[in-house]
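The values are calculated or read from the model by the stated rules, or taken from the named source; none is laboratory data. Everything numeric in this text was worked out from a predicted model, so none of it was measured. Positions of Cβ are backbone-derived with ideal geometry, glycine not excepted, and every protein chain shown enters the neighbour counts.
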Amino acid sequence: MFEKNWNRADVNQQIEWISKTVDTPVAERIKTVLAGLSSFHFSVRSKAKEALEDLQENITTGLNSKDKKRALLDSALLSVNVYQNINETLSAPDIKLFLEILLESGGRSPFYAWKLCQSKMFTTQTVSNIVSALPEACRLVLVNQYLASPPSVRREYAEQFVKILRDISDQKAVLKFYAYLFDMQATADIFLKNIKESLRDPQNIIAKYVNNEERSNKEREEALKSVAMISPVINPSLLLRIITTERATELRKTAFQIIERSPFRTYVRLTDTIMDIVCGYKLQKITDSEHFEATRTQLTGTIDPAISSTIKPELEEAMEHFRAAVISSHKKQFYLNMLEQHCTLEGLINRVRKEIPELMPLVLDEIASFSRISFCFIQEMAEDPSGTMFQNSDIEHALICGMIRKRPERFLKILEAYINHPVPAIKSSITRLIEKINNSLAEEKDELK
């Protein structure tokens, strides 16, 4: 029905329909936009391209938000509709257009572009010619799909993709690509070394972008992320300058993310400075009852909305920086000087308790979530010769809560061995804990139903 009405409509009507798609369901909007892109009239195609850009922007914004469900669904609808419109009768410019749409739309769309390239719908030479005519940013997105393929597929297409990478000449496209990998917390595949060395030279990128204040904050941020992907370690002096004197918030945040994601103790010399920043936050005081409530939720993993409302942006930011401090902290040794002792995990926790106690509920909740920093505490406690580090403390209790949340069934089996403990108080406590764990498991099963 839509096709009949579309084909009967004149140019002005088609343009009007495309303009009105903003208020229509996404499925109808996509259908109208794709019909407009196939038009022989330049004005209709132009309007359809504008509508497509708006749609892609909405999808990208949605994919970058916390709730991605709607954006993922829209992305899937766009991908499927575009893919279904591709057939053997299409001209090379039309194939290129559809490939670009898929590679620029995010979500599952790039997967469909790679699927098209692997299909036997077009000859290898045709696909190769079209891919080489794509914008370099699109080619790098396609490379990312290739790198996610099984080894057999990678071997089959290795020669073509080596050529694709060696033909890349736009450094901005390369930096944007590496920044995307950083944001996805991916690793830089060794295959990417086929990109020209001059485009991925860390010192060149730092001088040309990171340290160049004439560049936009976005460009400098992407450049710093790229350096983190390319180099195993960044000069600590550069990161120190960024976290202490840089005015651009985006750059400072990226520097802390780099430290937090680095191998344990890579940036030891930055720990004290990071803790100075953490303890410098002016935070809203929380009451003892709120502190108790936040700590009590470690077992269930659910924070009451009234409590979460007390977690101000400054507190969340301080917590992000504290994670970086934990990752860069000193290993506890008997020969450490006073400053180094302050930078061990024990030193960090003592400093938080003394200077910024409002942060402790978040620290305990983070540890109970069994995140990466939890394992830093576990490793340090396991390596402590005295075996007394954090013994019978809230840190140890948070780790136990994390173990229960992570493997409740296994923990129940351990507790069952002590169900008939001779000491009445211990027996009563174990019984209550078993009951609480069983209740949590029952609630979880009800939610799944």
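Taking the criterion of being under 17 Å from residue 361 (Cβ atoms) and without any contact (Cβ under 8 Å) to a residue 24 or more places away in the chain, the only residue of region 398-411 that qualifies is 400. Would you confirm, using the coordinates I've provided, whether residue 400 is surrounded by 13 or more Cβ atoms within 10 Å (Cβ to Cβ), over 24 Å from residue 259 (Cα atoms) and touching a helix residue (DSSP H, G or I) at 6+ places or on another chain (Cβ under 6 Å)? When the stated conditions are applied, residue 400 does not pass them.
Checking the condition without any contact (Cβ under 8 Å) to a residue 60 or more places away in the chain, over 25 Å from residue 218 (Cβ atoms) and of a type outside the set (D, E, K, R), which residue from 169, 105, 149, 109 passes?
Just a single option satisfies the conditions, and that option is 149.
Of the residues making up region 181-192, those that are surrounded by fewer than 19 Cβ atoms within 10 Å (Cβ to Cβ), part of a helix (DSSP H, G or I) and either hydrophobic (A, V, I, L, M, F, W, C) or at pLDDT 95 or above (or both) are 190, 191. Summed over region 22-40, the residues that are outside any helix (DSSP H, G or I) and touching a residue at least 12 places away in the same chain (Cβ under 8 Å) give a count of 2. Take residue 349 and tell me if it is part of a loop (DSSP other than H, G, I, E, B), buried (at least 18 other Cβ atoms within 10 Å of the Cβ) and either among the β-branched types (Val, Ile, Thr) or modelled with pLDDT of 85 or more (or both). Criteria not met by residue 349. Of the residues making up region 381-396, just one is part of a helix (DSSP H, G or I), more than 22 Å from residue 357 (Cα to Cα) and either modelled with pLDDT of 90 or more or of a type outside the set (A, V, I, L, M, F, W, C) (or both), namely 383. Looking across region 59-75, the residues that are surrounded by 16 or more Cβ atoms within 10 Å (Cβ to Cβ) and more than 17 Å from the chain's Cα centre (by Cα) come down to 74, 75.
Let's see how each residue does on (1) without any contact (Cβ under 8 Å) to a residue 24 or more places away in the chain; (2) in contact with a helix residue (DSSP H, G or I) (Cβ under 8 Å, 6 or more places away or on another chain); (3) surrounded by 18 or more Cβ atoms within 10 Å (Cβ to Cβ); (4) not in a helix (DSSP H, G or I):
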{"position": "214", "(1), (2), (3), (4)": "yes, no, no, yes"}
{"position": "226", "(1), (2), (3), (4)": "no, yes, yes, no"}
{"position": "237", "(1), (2), (3), (4)": "yes, no, no, no"}
{"position": "240", "(1), (2), (3), (4)": "no, yes, no, no"}
{"position": "250", "(1), (2), (3), (4)": "no, yes, no, no"}
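Would you check if residue 93 is part of a helix (DSSP H, G or I), over 22 Å from residue 25 (Cα atoms) and free of Cβ contacts under 8 Å to residues at least 24 places away in the same chain? Against the criterion (part of a helix (DSSP H, G or I), over 22 Å from residue 25 (Cα atoms) and free of Cβ contacts under 8 Å to residues at least 24 places away in the same chain), residue 93 qualifies. One residue alone among 79, 65, 43, 19 is of a type in the set (Ser, Thr, Tyr) and not in a helix (DSSP H, G or I), and that residue is 65. When every residue of region 29-38 is checked against the conditions, none turns out to be touching a Cys at 6+ places or on another chain (Cβ under 9 Å), charged (D, E, K, R) and crowded, with 16+ Cβ neighbours inside 10 Å.
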